[in-house]
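Undergrad: Quick one: the structure is below, questions incoming.
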Amino acid sequence: MAGASKHNGDQTKALVRELRALNPVPSPAGRASGDRGAVGEGARTQNRVDHAVALADREIGVPRVRAAAWAPVQPVPAPKPGSVNAGILHSAQNNSAAKSEFGATFGVSGTPITSGFLVDLGEYNAELMGRNAIPTYEKMRRSDAQVRATLMACKLPILSAKWEIVPADVAPGFSPAPADLKAAATASQAKEIAEFVKENLFGGLEFRGSSGGWVSQTWQSVIANALLMLDFGCAVHEDVWAVDGEKIRLRSLPSRLPVTFYRWHTEEDGETLLALEQYGYRGSQFLNVLLPADKICRFTYQQEGANFWGIALQRAMYPHWYIKSKLYRIDAIANERNALGIPVFRLSPGFSAEDKSAGYSFVTQLAAHEAAGLVEPPGDPHTGLRIVGYEGNLRDVMPSIQHHNEMISRAALNTFIDLGQAAHGSRALGATATDFFMLGLQSVADQIAQDITHSTIRRLVALNYGDEAPCPRLIAANVQARSIGEITSDLVALAQQGLIVSEKNIRQAIRERFALPEESDERVVAVRGETVTQGIQEVVGKNGKG
């Protein structure tokens, strides 16, 4: 597979070179004016494109289908505001042909997926395209301390975050009017669904194995698998279900490692994923299996177009890791050859062949030992053993290694971990860099939460409560760590400018930030000067006079 993928990468490069060498296609104005030279150039241009694409298809093994003759494409009129727009919508709703045309896809994603094999045209190194990059990324994260530390700095704050399930579109403490029974039922159902999802995800990912014992999966392992998208660009877990009485529950969310990803099957639009094909070991044999898209949760880092592989965080670290690994080898060779010195034995005048042989045998077998020693013969004071070190200056590679270590950290925006080793930097600069880094990690955690909400949680709710049921959402709190003192001081400053701190939405935002439990009206203490309703009673805060 590696050789074939590398060859396909070379064909892709050839195709890109062909496209860059092409002359522009003649404009409609040129064709209308009868510019035959321009039309001929356009035909030659199209022939060159067809030839380059045919070469790439032939190497990959895809049958070539002759395209239709080149012709200008008529633009589709955009819907206009007002009655015209209403007419288009009415026609699309009541006419199957109009509906099909209205919902059709006219553009392209720009990501070639041929027979399920994805090609990233932006990746100039064929060895780092798709699954070809996995062995290199594995070597980087397993062997290099700086890469490992950088990845762990990105993962640990997210792993240690407080994850919570929030009911859908229902603020805590919502108390609808008695006449609004539908709203009350919706709020009650939203809370019930949120509790069901929370109990299943955070405490119910377990099942009985074939031996009768319980097999449990922690929520932290689910997030750890999702964070593999930083290492490889993409990560996946599968939804495995179980019937529990009248409910359908998630039995487990097992990881599907990127090393098993083989092909990506899409719909005709080229960007809607239908299934992920894996090639890996299960039981006692290697298998090709299809994972339907509606049974997985896919996490892709920096996805562009239909590039389901994404762009791994390690991709930007690769050039610096590669050069640094070579520099370490040079440093090891230099130390081995020069740092210990070379033993030299000078023979006395008139030496015999036996003396030469004995001296050479001694210096080649010399090693550090408590019983090692030499007795010099009398005579010439220059005769005997001496250790000769290197003379002159050797290039110190450590500054270059330090530079590439800093660049590896910079790829993940966590330059603050190098402040103790870098030649410049201050505590204030480190605090600013840390805040910016944590802001980036909060964005990664939010992406994971949204991916799980829109796939695994939505399917869990639909199976048990129907498609129209209010779906709760997963949130990751306190990744972007802020102390309570900072938030309190900010709220005080805002309150002095007229912000009502006791407003429910603000309290909800604070609770989500710290992943606090849902607000309740039990044992409420009223703020001075305010009145709080608790059931049928009112709790009145004391006024300024006590």
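Read the figures in this text as sums done on the coordinates, not as results from a lab. Quantities reported herein were computed from a predicted structural model and do not represent experimental measurements. Here the Cβ is made from the backbone with ideal geometry for all residues, glycine too, and neighbour counts use every protein chain on show.
Undergrad: If you take every residue apart from His454 with its C-beta less than 11 Å away from the C-beta of His454, what net charge results, scoring Lys and Arg +1 and Asp and Glu -1?
TA: Working: positive: Arg298, Arg458, Arg459, Arg473; negative: Asp451.
Summing Lys and Arg as +1 and Asp and Glu as -1 gives +3.
Undergrad: Which distance in nm do the two modelled labels at Glu519 and Glu304 give, with both placed 7 Å along the Cα-to-Cβ direction?
TA: 4.4 nm
Undergrad: Further, regarding this structure: Rounded to the nearest 0.05, what FRET efficiency do Ser352 and His454 have when you use their Cβ-Cβ distance and R0 = 60 Å?
TA: E(calc), rounded to 0.05, equals 0.10.
Undergrad: Let me ask another. Could you give the dipole magnitude of the range 199-262 about its Cα centre, charging the beta-carbon of Lys and Arg +1 and that of Asp and Glu -1, in debye to the nearest 20? If you can, show how the numbers build up before the last one.
TA: Working: 5 positive and 7 negative charges, 22 e Å.
Taking the Cα centre of the range 199-262 as origin, the dipole is about 100 debye.
Undergrad: Neighbour counts of other C-beta atoms within 10 Å: give me His237, His265 arranged from fewest to most. Walk me through the numbers before you get to the answer.
TA: Working: His237 23, His265 16.
Sorted ascending by nearby Cβ count, the order is His265, His237.
Undergrad: Skipping prolines and chain starts, which residues have an amide H placed within reach, meaning under 5 Å, of the one on Leu118, given they are 5 or more residues away or on another chain?
TA: Amide H neighbours of Leu118: Trp264.
Undergrad: Give me the number: length gained by fully extending His403 to Arg142, i.e. 0.36 nm times residue separation minus the C-alpha to C-alpha distance, one decimal in nm.
TA: Numbers: separation 261, 0.36 × 261 = 93.96 nm, distance 2.06 nm.
This chain segment gains 91.9 nm when fully extended.
Undergrad: If you don't mind, there's one more thing I want to ask. List, in order, the whole-Hz ³J(HN,Hα) value for each residue of the range 312-327 obtained from phi through the Karplus relation with A = 6.51, B = -1.76, C = 1.60 and θ = phi - 60°; use x for Gly and Pro.
TA: Here the 3J(HN,Hα) series is 5, 4, 5, 4, 6, 7, 4, x, 6, 5, 5, 5, 5, 4, 5, 5 Hz.
Undergrad: What's the local net charge at Asp144, with K and R +1, D and E -1, over the other residues with C-beta under 12 Å away? If you can, show how the numbers build up before the last one.
TA: Values: positive: Lys139, Arg141, Arg142, Arg148, Lys324; negative: Glu138.
Neighbourhood net charge equals +4.
Undergrad: Take the eigenvalues of the Cα gyration tensor for the range 231-306, scale each by 5, and report the square roots as semi-axes in whole Å, largest first.
TA: Numbers: eigenvalues 106, 59, 34 Å².
Taking √(5λ) for each Cα gyration eigenvalue gives 23, 17, 13 Å.
Undergrad: Working out 0.36 nm times the residue gap between Asn478 and Ser361, then minus their Cα-Cα distance, what length gain in nm do you get to one decimal? Spell out each step's value before the answer.
TA: Working: separation 117, 0.36 × 117 = 42.12 nm, distance 6.83 nm.
Result: 35.3 nm gained on full extension.
Undergrad: Calculate the FRET efficiency for Tyr328 and Val289 from the Cβ-Cβ distance with a Förster distance of 45 Å, rounded to the nearest 0.05.
TA: 0.65
Undergrad: Past 23 Å, Cα to Cα: identify those pairs from Lys162/Lys191; Lys162/Lys295; Lys155/Lys191; Lys139/Lys324; Lys162/Lys504; Lys155/Lys247, in the order given. Numbers along the way, then the final one.
TA: Values: Lys162/Lys191 19 Å; Lys162/Lys295 26 Å; Lys155/Lys191 31 Å; Lys139/Lys324 13 Å; Lys162/Lys504 21 Å; Lys155/Lys247 34 Å.
Correct reply: Lys162/Lys295; Lys155/Lys191; Lys155/Lys247.
Undergrad: Expressed in nm to one decimal, what extension gain is obtained for the pair Asp396 and Met152 from 0.36 nm per residue of sequence separation less their Cα-Cα distance? Don't skip to the answer; put the middle values down first.
TA: Numbers: separation 244, 0.36 × 244 = 87.84 nm, distance 2.94 nm.
Length gained between Asp396 and Met152: 84.9 nm.
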